Structure formats: structure tokens, C-alpha cells
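We did not get these values from a lab; they are worked out from the coordinates using the rules stated. Keep in mind that what you see is a predicted model, and the values were worked out from it rather than measured. Cβ placement follows ideal geometry from the backbone for every residue including glycine, while neighbour counts extend to all protein chains displayed.
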Amino acid sequence: MPTSILRSFFFRLVSLATVVPFLLLAPLMGGCQAIGALAASYEATGSHEVEPKYDGLDQKSFAVVVRASQLIQADFPEVVIKVSIDAAERLKANVNASGYVPGDRVVDYLYNHPRWVARPLDEVAKALGVDRVIYVEINEYRLQDMGNSYLWDGVASAMVGVIEADSATPEEFAYRTQVRVTFPDSKNAGASDLPRAAVNTELARRLIDRVTWLFYTHEELNRAKY
């Protein structure tokens, strides 16, 4: 295949910064080798677009309701507030919703109405005045494995569900899934490598990514680490 055709084809696939080094090496490597190397580089460093798993927030108002066990909140008292606020703001910026309740207001409401946990979520939606409740139940959140207190081994997982208050079955989840993230990517990092606060912050950020990415089109690395 002529070199000019190869160049035109791959300029359409990857950025100029990625392509140029391989084009310079192509005469030495041979056409097939250059193609293989370029494809491998793109696979390792590129990204792709991911569609939302649930698109029912369009022109609907929403609130993010986060729950975690008392054990999790005792060890990480900030996690429910952080996920509530950051997830709501992220969704506000990326979905075409008609309105939303800021996360701090949702947290205040839930704190002042502790019996909300015994009520159907569609009643919570009505109380908050929204069409959708995005319910996030954090069922695991830890920074270390119980058997090893020297190395970081962060894990966060949550059930994510959507209540459609204006549907025929508002008491049932219209969408439901499980998300799970880990940090750090290296299993040999300890306190001398990363402070506890940094591990906690990144683990929470990754959890928020996975929760909110369910609801809008976004870019993910081809070889995502979480």
C-alpha cells in the first residue's frame, strides 16, 4: 500500500502528536510493522466515547440521594456529603435536566428527616420536588485490606438506582446497576508513597466518575484503570 495512503488513513485515526513519530519510523519498520505499532500505541493511549446507560434525565428535575452504613460513615464521615454534592454538580453540568436540588440541600433534608430510610423513594422525590431520584447506596468503602494495614488497597462500590416519580410504578427502580472502583493502581503503595487523604480523595473521585458516567455521554481511556 502506498505510503501516502497510509499516512492519510492514520491521520484520521489518531492525533498528530501520536502519528508523527511512527511516520518517521515507517520507512525503517516497513508498512505492516508501522501499522501494527501505530495501532498498538493508539489502543494504549487513546480514548473512546461511551453512551449513557440511562438517558431519562433529559428535561427532568433530579436529586442525588446517597446512603452509607453507619460503619462506613464512622470511618469516612465526609464521603456521603462529598458524593452527594459532587455527583449532583457533575450531572447538572452534563445532562439536559430541567432542574436539580443541590447536594448540600439534599443532605440537610435527609439529616432533618432521619426516617426517610423507611419511606419509599418516590415519597422522597415528592418531598424534594423532583421527577427523578438518583439513589446511591455505598455498600463498601475502604482504603486498606483488613489483613494488611501497611499497604493501600482502596475499594469503593455502590448500588445506583433511578426512581421515576412520574412513572406508572414510581416505587420501583426504573434503572439499577452496581459500580465498583479501586485505588491505587499499584498494589505496593504504602503511606510513605501516598498520604491517606490523597488515597481517600482519589477513591471518592473515581466512585463519583462511575456513578455520574452512567447518565451522560463521556470519554473513557481505552485502557481505563478503573
Q. What whole number of Å gives the distance from the Cα centroid of segment 193-226 to the Cα centroid of segment 63-121?
A. 18
Q) Out of segment 140-198, which trypsin sites (Lys or Arg not before Pro) are coil in DSSP terms and have no more than 15 other C-beta atoms within 10 Å? A) 187
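What order do you get for 225, 126, 82 when you list them from fewest to most C-beta neighbours inside 10 Å? Kindly include the intermediate steps, with their values, before the conclusion.
Details: 225 10, 126 14, 82 18.
So the ranking, lowest neighbour count to highest, is 225, 126, 82.
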(Q) Please report the antiparallel percentage of the DSSP beta bridges confined to segment 61-221, to the nearest 5. (A) 70
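DSSP loop (so not H, G, I, E, B), at most 16 other Cβ within 10 Å: list which GluC sites (Glu not before Pro) in segment 170-209 pass both filters. Intermediate values should be presented prior to the final figure.
Values: sites: 171, 172, 202; in loops: 171, 172.
Taking segment 170-209 and a limit of 16 other Cβ atoms within 10 Å, the loop GluC sites (Glu not before Pro) found are 171, 172.
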**Q.** Reachable lysines from residue 187, criterion Cα separation under 28 angstrom, eight or more residues apart if same chain
**A.** 82, 225
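So if I place +1 on the C-beta of Lys and Arg and -1 on the C-beta of Asp and Glu, and nothing else carries charge, what would the dipole magnitude of segment 61-221 be about its Cα centre? I want it in debye, nearest 20. Intermediate results must be reported in sequence, preceding the final value.
Details: 17 positive and 23 negative charges, 36 e Å.
Here segment 61-221 has a charge dipole of around 180 debye.
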